[in-house]
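The values are calculated or read from the model by the stated rules, or taken from the named source; none is laboratory data. Everything quoted here is computed from the prediction, not taken from an experiment. For neighbour counting, all protein chains shown are included, and Cβ atoms are generated from backbone atoms with ideal geometry for every residue, glycine included. Side chains included, ligands, DNA and RNA excluded: accessible areas come from the protein's heavy atoms. Shrake-Rupley method; radii C 1.70, N 1.55, O 1.52, S 1.80 Å.
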Amino acid sequence: MEERNLGRGLALAFLAFLLFFVVQYGVLFFLFGTVTVYRLATGSGVGMNLMEQMPTYQIWITLLSTIVTVLLLWGMKWLKKDQIRKEGMPWNHAMYLALTLIGMSFGCSSLLEFLQVPDLVGAIIQDMITDPWGVLAISVVGPIGEEVLFRGAALQKLMDKGWSPTAAIWISSLLFGIAHMNPVQIIYATVLGLLLGWVYVRTKSLLPCIGLHIFNNLTSVVLSLVSDDPNATYVEMFGTTGALMIMVVGLASALFIFGYMRPRLKEMN
């Protein structure tokens, strides 16, 4: 551990949080500027509604910003080889935690639906996954960048500067949730961050976190793609009683499996 300095640890975690936005908006302005210059140069005009093009822009923002973020953190020495340990988690433990994620996803989604938490970007995400590049961005590339930034950088820096693992997990998870800037995602991402932060502290490896994050996002994408109506609510599909059962069973199973796994996933040296 580096020299204990709680204030500096919090500042570094917040810097990682700001880096998330700086890189994303930097890539957005670069893409929009490039397209605008091209249209002017070719005489096709600027006539383009940014919001109408946002799903396409968001795909390439995710793809490019992840590359930029990983390279920046590597150059800053905030990402190190020893954070990528292949022996981080046995396969049977990964399977149990994947089941935890499934229960957590269904349970939280139903709960947030009953609480009527607004989803401000659901339509954009649905448009993104109609494009194979969008599926790649949401399911694979995005999770890699987010895990490197919020677990590999923010959480690790907090612990390096003296924050307890529990406090570091909570702070990095809240920053991870807020970074999504969408009420329904803020809540679920914070809960997801708590689980992935715990996995990172126990395994000291980003690989299990990345794998579980990819599994979480890919599951949601696949369910949306195979659904007849991806915008339908649980209440519309299963009725109020059915939605309540999904919420209770999902959350209860997630808590039960996590409780089973908690003493079994030993902290590695």
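Report the label-to-label distance for Thr240 and Leu136 in nanometres (one decimal), using points 7 Å from each Cα along the Cα→Cβ vector.
Between Thr240 and Leu136, the label points sit 4.6 nm apart.
I'd like to know which of Leu6, Thr56, Gln116 lies farthest towards the positive end of the charge dipole of region 1-122, counting +1 on Cβ of Lys and Arg and -1 on Cβ of Asp and Glu.
Of the listed residues, the answer is Leu6.
Taking the chain, how many lysine pairs are there with alpha carbons less than 15 Å apart, if each pair must be eight or more places apart or span two chains?
Number of lysine pairs found: 7.
Heavy atoms of the protein only, probe of 1.4 Å, neighbouring chains included. What is the accessible area of Asp119 in Å², nearest 10?
We get 90 Å² for Asp119.
Could you compute the net charge surrounding Ala137? Neighbours are other residues with a C-beta less than 13 Å from the C-beta of Ala137; K and R count +1, D and E count -1.
-3
At a 1.4 Å probe radius, which order do Val37, Val70 fall into by accessible area, largest first?
Result, largest first: Val37, Val70.
Give me the percent of accessible area attributable to carbon and sulfur for region 154-269, probe 1.4 angstrom.
Within region 154-269, the accessible surface is 70 percent carbon and sulfur.
Starting from the residue with the highest accessible area, list Trp78, Trp163, Trp133 in decreasing order, probe 1.4 Å.
Trp133, Trp163, Trp78
Gain in length, Tyr96 to Lys80, computed as 0.36 nm per residue apart minus the alpha-carbon separation, to one decimal in nm?
So the chain would gain 3.0 nm between Tyr96 and Lys80.
Nearest 0.05, what FRET efficiency do Ile67 and Phe21 give at R0 = 22 Å with Cβ-Cβ as r?
That pair, Ile67 with Phe21, gives E of 0.85.
Kindly provide the helix-only [θ] at 222 nm of the chain, computed as the sum of -39,500 (n - 2.57) over DSSP H runs of four or more divided by all residues, to the nearest 500 deg cm²/dmol?
My calculation for the chain gives -24000 deg cm²/dmol from helical runs alone.
Considering only protein heavy atoms, with the full assembly of protein chains and a 1.4 angstrom probe, order Tyr234, Tyr96, Tyr25 by accessible area, largest first.
Greatest to least solvent exposure: Tyr25, Tyr96, Tyr234.
From the phi of every residue in region 57-64, what ³J(HN,Hα) in whole Hz does the Karplus formula 6.51 cos²θ - 1.76 cosθ + 1.60 yield, where θ is phi - 60° and glycine or proline is x?
Per-residue couplings from phi come out as 4, 5, 4, 6, 4, 5, 5, 6 Hz.
Pick from Gly33, Gly103, Gly134: which residue has the top mean-square fluctuation in a GNM of the chain where Cα pairs under 10 Å get a spring?
In this elastic network of the chain, the residue with the biggest mean-square fluctuation among Gly33, Gly103, Gly134 is Gly33.
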